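To start, the structure itself, in structure tokens.
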Amino acid sequence: MPAPKTPVTLTPAAVAQVRRLMEKTGAAGLRLGIKKGGCAGMEYTIEPVQVADPMDVAIEQDGAQVLIAPMAQMFLFGTEIDYVSDVLESGFRFNNPNVVEACGCGESIKFGDVPTL
């Protein structure tokens, strides 16, 4: 029987950055969530955590631990997380098939046919 598909996947660059942040902060992992905000309506949140919430979905990939907050799980299924660093900016990028609209700066998103928080 095949293993169940994880809700999100990490690129090698994202794995390396999550591991760096875990080491730097002494965190057990990074919690990924969604909150209301921004010009498109919703924003991603990322925070280091010491202890997982029992309702979090834990994803471990090559030593990088990402915890998905319960209210964000339905919005993030199928998302690939990448980490990009260039001359002007660096940060996590989310290739999320559930997003139907994003603001011009890429900081906020809108989901289609999903109940709002």
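The values are calculated or read from the model by the stated rules, or taken from the named source; none is laboratory data. It should be emphasised that the depicted structure is a prediction, and the values quoted were computed from it without experimental measurement. Note that each Cβ is placed from the backbone with ideal geometry, even for glycine, and that neighbours are counted across all protein chains shown. Ligands, DNA and RNA are excluded from the accessible area calculation, which covers all protein heavy atoms including side chains. Shrake-Rupley method; radii C 1.70, N 1.55, O 1.52, S 1.80 Å.
Packing around the peptides 12-18, 90-96, 22-28, taken as the average count of other Cβ atoms within 10 Å per residue, puts them in this order, highest first: 12-18, 90-96, 22-28.
Other residues within the sphere of radius under 10 Å centred on the Cβ of residue 48, judged by their own Cβ, net out at +1 (K and R +1, D and E -1). Within the assembled protein chains, the solvent-accessible surface assigned to residue 43 is about 50 Å², based on a 1.4 Å probe.
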